[in-house]
Amino acid sequence: MRAGFPDFRLGNVLATSFTGTLSERHGDAVERIPTPQRLVDWLAVNGLAVDACTPAQLDLARELRESIHAAATAAATQDALPASAVQVINDRSAQGRAAAVLTPEGKRRWRLNPSSPVEDALGVIAADAVSIIAGERDGKLALCASPTCQAAFFDTSQSRTRRWCDMNTCGNRQKKARFNANQRKTTRSAE
């Protein structure tokens, strides 16, 4: 990753990984795509390589990210989906013209239109959001149990009881805090 920027938090689900480009939403927020080039970097890591991105396209991407987050959060808590978020997701999905192509290795790749690659990439992300929010995939939307994070994530564990968006960050942070609290209790009771 480029020096000076926080690492990307990558997951197995494109749409919720995209919402993870803004983390710690209820604490000290961490913006992982602060520049157009960082969006280009994130898209490349996720198989949606584009050559460049304008500030206006970055704004479209952030609007989509926040709309997916709002809709996924509502779906996870079984609330009504926000109409404005649904509209943005639908608009981006409809505007994208990416084509799924099969590689000789049997993998799916996305062919983006050379005249609108960023918009096509956003269309792929929006279509992925539609499939998980609509319940078309095996798994369920959940919210991270970290009080400072509360990111929406797609739980595909067998029991569907995963608590953290990322065990290596939020889960470990919460376990460490619980351990430290228990240590303080033990120290005080020993005195």
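The values are calculated or read from the model by the stated rules, or taken from the named source; none is laboratory data. This is a predicted model, so every value here is computed, not measured. Glycine also receives a Cβ, built like all others from the backbone with ideal geometry; neighbour counts cover every protein chain displayed. All accessible areas refer to the heavy atoms of the entire protein, side chains included, with ligands and DNA or RNA removed. Shrake-Rupley method; radii C 1.70, N 1.55, O 1.52, S 1.80 Å.
Look through Arg97, Arg160 and report the one residue that is out of contact with any helix residue (DSSP H, G or I) (no Cβ under 9 Å at 6 or more places or on another chain), open to solvent by 40 Å² or more (accessible area, probe 1.4 Å) and not in a helix (DSSP H, G or I). Before you say what the answer is, go through the steps one by one.
Details: Arg97 fails: out of contact with any helix residue (DSSP H, G or I) (no Cβ under 9 Å at 6 or more places or on another chain).
None of the other options fit; the residue is Arg160.
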query = List pairs: first in segment 75-89 and within 16 Å of Ala152 (Cα to Cα), second assigned to a helix (DSSP H, G or I) and β-branched (Val, Ile, Thr), Cβ under 7 Å, 6+ apart or cross-chain?
reply = Ala75/Ile133; Ile89/Ile68; Ile89/Val130
ask   = Only one of Ala85, Ala75, Ala44, Ala71 is under 26 Å from Cys144 (Cβ atoms), outside any loop (DSSP other than H, G, I, E, B) and within 13 Å of the chain's Cα centre (by Cα); which?
value = Ala71
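Mind listing whichever residues of segment 127-171 are closer than 20 Å to Gln78 by Cα and of a type in the set (Gly, Ala, Ser)?
Narrowing segment 127-171 to residues closer than 20 Å to Gln78 by Cα: 128-147, 149-157, 159-165.
Residues satisfying the conditions are Ala129, Ser131, Ala134, Gly135, Gly139, Ala142, Ala145, Ser146, Ala151, Ala152, Ser157, Ser159.
Scanning segment 26-41 for residues that are in a loop (DSSP other than H, G, I, E, B) and more than 15 Å from Glu63 (Cα to Cα), which turns out most open to solvent (accessible area, probe 1.4 Å)?
Here is the first cut: in segment 26-41, the ones in a loop (DSSP other than H, G, I, E, B) are 26-29, 32-35.
Now narrow it down to the ones that are more than 15 Å from Glu63 (Cα to Cα): 26-29.
Values: His26: 106, Gly27: 41, Asp28: 136, Ala29: 65 Å².
Restricting to residues being in a loop (DSSP other than H, G, I, E, B) and more than 15 Å from Glu63 (Cα to Cα), the top hit is Asp28.
Determine whether segment 142-152 contains at least one residue that is among the β-branched types (Val, Ile, Thr), surrounded by fewer than 21 Cβ atoms within 10 Å (Cβ to Cβ) and either touching a Leu at 6+ places or on another chain (Cβ under 6 Å) or farther than 22 Å from Leu39 by Cα (or both). Spell out how you get there, then give the answer.
From segment 142-152, those among the β-branched types (Val, Ile, Thr) are 148; that's our starting set.
Keeping just the survivors that are surrounded by fewer than 21 Cβ atoms within 10 Å (Cβ to Cβ) gives 148.
Restricting the remaining residues to those that are either touching a Leu at 6+ places or on another chain (Cβ under 6 Å) or farther than 22 Å from Leu39 by Cα (or both) gives 148.
Among the residues of segment 142-152, at least one is among the β-branched types (Val, Ile, Thr), surrounded by fewer than 21 Cβ atoms within 10 Å (Cβ to Cβ) and either touching a Leu at 6+ places or on another chain (Cβ under 6 Å) or farther than 22 Å from Leu39 by Cα (or both), which makes the answer yes.
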request  = Report, by residue number, each residue of segment 3-20 that is within 23 Å of Ser157 (Cβ to Cβ), in a loop (DSSP other than H, G, I, E, B) and of a type outside the set (A, V, I, L, M, F, W, C).
outcome  = Arg9, Gly11, Asn12, Gly20
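Does Thr73 satisfy the condition of being in contact with a strand residue (DSSP E or B) (Cβ under 9 Å, 6 or more places away or on another chain), surrounded by fewer than 10 Cβ atoms within 10 Å (Cβ to Cβ) and polar (S, T, N, Q)? Steps first, answer last, please.
Details: in contact with a strand residue (DSSP E or B) (Cβ under 9 Å, 6 or more places away or on another chain): yes; surrounded by fewer than 10 Cβ atoms within 10 Å (Cβ to Cβ): no; polar (S, T, N, Q): yes.
Answer is no for this residue.
Could you identify the single residue in Arg137, Arg62 that is part of a loop (DSSP other than H, G, I, E, B), open to solvent by 20 Å² or more (accessible area, probe 1.4 Å) and either out of contact with any strand residue (DSSP E or B) (no Cβ under 7 Å at 6 or more places or on another chain) or at pLDDT 95 or above (or both)? Break it down stepwise before answering.
Values: Arg62 fails: part of a loop (DSSP other than H, G, I, E, B).
Being part of a loop (DSSP other than H, G, I, E, B), open to solvent by 20 Å² or more (accessible area, probe 1.4 Å) and either out of contact with any strand residue (DSSP E or B) (no Cβ under 7 Å at 6 or more places or on another chain) or at pLDDT 95 or above (or both) holds for just one of Arg137, Arg62, which is Arg137.
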